[in-house]
Amino acid sequence: KNTMSERRNSIHKKYAMRRANTLARQATNASLSQNPRPASEYMKVTRSSIEREITERQLQLDLLDSINEMNEEDMLQTAFDLIDLDNDKLIDARELADAVRSVRGEVDKDLREDLELAVKRIASFDKSGDGQLDQEELNDFLVYFASTTDSSYRELLEMTLFALFSDKSEHKRPPSSHEDAIAAVKKEEYYREWLRSKHMAALFNIFDEDGDGVIDFKEFVLGIYKITEDLQGASKAAMEAMLLFDKNESRSLNFNAFTQVILNLHEASPDNMTMDDMLEAMTEAILLAGEASMEMVSKNFSVDSVLRPLNELEGEDGLEKHVNGSTLGALEYAKVFRLFELWDLDKDNAINFKELLLGLRKFQEKNELSRTVDECCSVINLFDKEDNQELDFDEFLSFIEHFTEASGADLQSMLDFMIVNTVLKENTNEDRSFADLIELKHKE
């Protein structure tokens, strides 16, 4: 009986020998042909194509026979070796994503989607906590996957091996390094750990005043206000949370989205504060806060005014509306409005040249400053319809749509990225000094 290693080598050898024999047979047939009539170019090409196809089919049959002779342990080991492209005895998210694409035959699918799915899968089965799968963990993953399909465990292994050996496409690795792939899995595992936290659940229940299982805009404002005693800041925080984490566009946060918000807040907290410390501090601040109610929030700060752009667009039926000649969803419009507010530093409801320059520089740090200045000039020239050297909201909206389309990005994803970077990044001293100089010259 062949050893496990010999059987794996046997598959490769049979493939190589079959290809060599086929090429030799083709050459011999060509030289010994008794047909006195020379074949046309069409006949030669067609015959060659058919012979190659026959050869490939025979190779596939040989492969199936070889796989059929293997036991499940051998198949698992072989599959692991084929998926483990860097031979480090561990499978990271990039390698798993590549294997899944081969098995599904979806090599042209967006790499990022496969990588995101692979990160979640590894996070579910990574018992050792190293952000990767060893052979035992891969086996657990395959057992689970087989249970979700109509295939048996052995059939899944057979399909996996056949697909991995048969796939000849040139795969592109997902746009991340080995270290980034591991970090992504560990971040997902950290997020899932806090989803199981009773302390997180208790804080969610405190925010969820009406107990309906979701935190709406006003509930989030009220909760943050009790912690910070800053109503304006609370409303802005609520708007950010709804725009970035309300994936269902329901103007509310479920427990998963709320957990993401709290994790983001912790990332921005002092380095010496643990997550448990922050949760405890937030819980204590809310419970010890003075009188505060929904009525007080509505009276002292008009929550509806923050969402007015959203409401005006949505209308009664919640359908998309035409804005400035284009169609935008209500959530997209609200995100553009929030970005406009962030870039409008002097709060005069217009984006001047200085504000446009500082806004764009947060996404063009690696470009020469002079190039960004040229782009600002082009933006003003193209979208300043009133010829007053600034952009009102409608003009800014047109610019953002054009900017997103030119980059080939999804509008909502681009807006999320721009909002987060605007909030978190600071302009360099050089950028601010140059922008101040431009503003001074403009006033002169």
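The values are calculated or read from the model by the stated rules, or taken from the named source; none is laboratory data. On a predicted model such as this, the values are computed, not experimentally measured, just so you know. Heads up, the Cβs are rebuilt from the backbone with ideal geometry, glycines too, and the neighbour counts pull from every protein chain shown. Just so you know, the surface numbers come from the protein's heavy atoms only, side chains and all, with ligands and any DNA or RNA stripped out. Shrake-Rupley method; radii C 1.70, N 1.55, O 1.52, S 1.80 Å.
Looking only at the stretch 136-154, which residues are open to solvent by 50 Å² or more (accessible area, probe 1.4 Å) and closer than 17 Å to R94 by Cα? None - no residue of the stretch 136-154 is open to solvent by 50 Å² or more (accessible area, probe 1.4 Å) and closer than 17 Å to R94 by Cα, so the list stays empty.
Between L115, L133, L161, L195, the distinction of being under 27 Å from L253 (Cα atoms), crowded, with 20+ Cβ neighbours inside 10 Å and not acidic (D, E) belongs to L115 only. Considering the stretch 85-112, the residues that are assigned to a helix (DSSP H, G or I) and exposed (fewer than 15 other Cβ atoms within 10 Å of the Cβ) include one that is modelled with the highest pLDDT, namely R104. Among the residues of the stretch 198-226, those that are of a type in the set (D, E, K, R), surrounded by fewer than 17 Cβ atoms within 10 Å (Cβ to Cβ) and not in a helix (DSSP H, G or I) comprise E209, D210, D212.
Of the residues that make up the stretch 427-442, is at least one touching a strand residue (DSSP E or B) at 6+ places or on another chain (Cβ under 8 Å), aliphatic (A, V, I, L, M) and either modelled with pLDDT of 80 or more or more than 30 Å from E113 (Cβ to Cβ) (or both)? No; the residues of the stretch 427-442 include none that is touching a strand residue (DSSP E or B) at 6+ places or on another chain (Cβ under 8 Å), aliphatic (A, V, I, L, M) and either modelled with pLDDT of 80 or more or more than 30 Å from E113 (Cβ to Cβ) (or both). Close contacts from the stretch 389-416, counting a first residue that is farther than 19 Å from N349 by Cβ and assigned to a helix (DSSP H, G or I) and a second that is among the small types (G, A, S) and at pLDDT 80 or above, with Cβ to Cβ under 9 Å and a gap of 6+ residues or different chains, come to none at all. Any idea which of (1) part of a helix (DSSP H, G or I); (2) free of Cβ contacts under 8 Å to residues at least 60 places away in the same chain; (3) over 24 Å from T428 (Cβ atoms); (4) touching a helix residue (DSSP H, G or I) at 6+ places or on another chain (Cβ under 8 Å) is the one V336 doesn't satisfy? It fails just one condition, (2).
Would you mention how many residues in the stretch 58-70 are within 16 Å of L161 (Cα to Cα) and either surrounded by fewer than 17 Cβ atoms within 10 Å (Cβ to Cβ) or out of contact with any helix residue (DSSP H, G or I) (no Cβ under 7 Å at 6 or more places or on another chain) (or both)? Within the stretch 58-70, residues that are within 16 Å of L161 (Cα to Cα) and either surrounded by fewer than 17 Cβ atoms within 10 Å (Cβ to Cβ) or out of contact with any helix residue (DSSP H, G or I) (no Cβ under 7 Å at 6 or more places or on another chain) (or both) number 7. All conditions in (1) at pLDDT 90 or above; (2) under 27 Å from the mean Cα position of the chain (by Cα); (3) not polar (S, T, N, Q) hold for D392, with the sole exception of (2).
Listed by first and then second residue, the pairs with beta-carbon distance under 6 Å, at least 6 apart or on different chains, first residue in the stretch 249-264 and open to solvent by 60 Å² or more (accessible area, probe 1.4 Å), second at pLDDT 85 or above, are N254/V214.
Evaluating K172 against the criteria (1) at pLDDT below 85; (2) open to solvent by 30 Å² or more (accessible area, probe 1.4 Å); (3) in a helix (DSSP H, G or I) leaves one unmet condition, (3). If you go through the stretch 345-389 and keep only what is among the hydroxyl-bearing types (S, T, Y) and open to solvent by 30 Å² or more (accessible area, probe 1.4 Å), you end up with S370, S378.
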